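Peer 1: The structure under discussion is supplied below as structure tokens; questions concerning it will follow.
No lab work stands behind these numbers, since they all come straight from the coordinates. This is a predicted model, so every value here is computed, not measured. Ideal geometry is used to build each Cβ from the backbone, glycine not excepted, and the neighbour counts take in all protein chains shown.
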Amino acid sequence: MIKKIGVLTSGGDSPGMNACIRAVVRTALYHNIEVIGFLRGYEGLIDNTYLELKPESVSGIIHKGGTILKTARSERFRTDNGIEQAAKTITKNNLNGLVVIGGDGSFKGASVLSKHVGLPIIGCAGTIDNDLVGTDFTIGYDTAINTVIEALDKIRDTAESHDRIFVVEVMGRDAGLIALRSAIASGAEALLVPELRHDMENLVSKIKNWRSTKSSKIIVVAEGDQSGGAFKVAEIIKKQCPEFDLRVSVLGHIQRGGNPTCMERVNASIVGFNAVKAIMVGRKNEMVGIIDKKVHFTSFEKAIKHHKKLNPDFEEIIEILSS
Ligand code: F6P
């Protein structure tokens with residue numbers, strides 16, 4: 001019998017986390033399950049700092065970026081002592097389940113904790129990077145790519161006006177999925193991502209051959225790309241093609257903020273709702289995702305270990321469509 005659960009957001013925040021919290025809280029309360037929300041992710045679980053969540057606690061948050069529960073990358077939770085403290089909090093509060101909204105680092109922690117306390121934990125994939133298998137879109141990814149294309153469209157305006165090349169760096173940690181989609185959607189001329197091999201010589205010769213009637217050129221670089229980031233790429237191009245007027249733009253943390261898109265809110269609501277349902281039917285140590293519009297469960301182990309594969313055809317699409 002599930003009487004009380006906890007919920008927390010952990011790792012980098014992402015738009016849609018609030019919609020997910022709201023879904024968890026409202027679904028649990030509907031089924032007469034009490035909910036407490038730990039503050040600052042696993043830090044709150046270690047320190048036993050939480051909010052009692054009522055229906056009104058999650059009013060007016062579905063459209064807001066960030067997370068009302070706050071988040072952290074907890075170093076203490078990586079230690080045995082941290083795990084022990086968290087386990088004590090779980091016992092003290094008589095929790096029958098925990099919902100963790102976060103990325104792969106958060107699920108690694110959840111996996112260790114659940115082995116320690118035998119508590120059913122369900123994960124909701126929340127990260128702008130979209131780097132987990134078991135779901136087509138993680139919570140935050142759709143909003144982030146929309147933020148990126150808005151920025152790229154603006155960069156295109158100034159690039160056009162000055163006949164410039166722009167090297168734009170986007171987030172994604174060691175995954176290139178933000179770069180990939182936003183490059184296609186913004187009509188970028190080139191893409192550098194860690195999943196696809198490329199050499200700088202090739203890029204430079206491509207730049208030299210770009211048709212002269214095309215006044216602006218945008219190269220999207222994923223922050224985890226082996227080239228070393230946008231400044232490094234710009235330096236190499238500048239050295240070999242000094243005739244080009246070139247600028248760098250690193251988009252940074254604007255990619256993590258903003259109101260979640262419609263798709264984000266819907267997905268986050270579906271995932272949060274199903275996380276509570278999963279705990280109620282006895283599922284544990286799994287991540288809820290959506291694949292081909294259907295709810296899908298993946299073990300933490302699998303979700304953590306495997307990164308999404310990137311479709312290599314996309315590179316060709318970018319090249320041909322921007323020619
Ligand atoms: O995982 C989300 C993310 O935004 C990555 O894309 C980025 O590498 C990282 O977090 C930055 O983390 P922080 O904001 O904690 O420095």
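Peer 1: Name the single residue, out of those in segment 99-127 being β-branched (Val, Ile, Thr), closer than 18 Å to ASN48 by Cα and surrounded by 22 or more Cβ atoms within 10 Å (Cβ to Cβ), that is nearest to the ligand (Cβ to nearest atom).
Peer 2: Here the answer is ILE101.
Peer 1: Looking at segment 1-81, what strands (runs of 3 or more DSSP E) fall wholly within it and have at least 2 residues that are free of Cβ contacts under 8 Å to residues at least 40 places away in the same chain and closer than 17 Å to ILE101 by Cα?
Peer 2: Working: elements: 4-9, 34-38, 50-52.
Counting at least 2 such residues, we get 34-38.
Peer 1: Let me ask something else about it. If I ask for residues that are small (Gly, Ala, Ser) and over 18 Å from GLY176 (Cα atoms), which ones from segment 212-252 would you list?
Peer 2: SER212, SER215, SER216, ALA234
Peer 1: Just the residues that are surrounded by fewer than 19 Cβ atoms within 10 Å (Cβ to Cβ) and over 15 Å from GLU315 (Cα atoms), please, taken from segment 157-199.
Peer 2: Passing the criteria: ASP157, THR158, GLU160, SER161, HIS162, ASP163, ARG164, ARG173, ASP174.
Peer 1: Quickly run through segment 48-98 and pick out the residues that are touching an Asp or Glu at 6+ places or on another chain (Cβ under 9 Å), away from the ligand (no atom under 16 Å from the Cβ) and within 18 Å of CYS20 (Cβ to Cβ).
Peer 2: Scanning segment 48-98 gives a single hit, LEU53.
Peer 1: Among the residues of segment 128-145 satisfying the criterion of being farther than 18 Å from ALA185 by Cα and away from the ligand (no atom under 12 Å from the Cβ), which is surrounded by the fewest Cβ atoms within 10 Å (Cβ to Cβ)?
Peer 2: Restricting to residues being farther than 18 Å from ALA185 by Cα and away from the ligand (no atom under 12 Å from the Cβ), the top hit is VAL133.
Peer 1: For segment 267-284, name all the residues that are hydrophobic (A, V, I, L, M, F, W, C) and under 11 Å from ILE139 (Cβ atoms). Quick ask: steps written out before the conclusion?
Peer 2: As a first pass, look at segment 267-284 and keep what is hydrophobic (A, V, I, L, M, F, W, C): 268, 270-271, 273, 275-276, 278-281.
Across segment 267-284, the qualifying residues are ALA268, ILE270, VAL271.
Peer 1: Does ILE218 meet the test of being within 16 Å of the ligand (Cβ to nearest atom) and either aliphatic (A, V, I, L, M) or touching a Lys or Arg at 6+ places or on another chain (Cβ under 7 Å) (or both)?
Peer 2: no
Peer 1: Any residue at all in segment 88-98 that's touching a Pro at 6+ places or on another chain (Cβ under 8 Å), within 19 Å of ARG283 (Cα to Cα) and in a loop (DSSP other than H, G, I, E, B)?
Peer 2: Yes: one or more hits.
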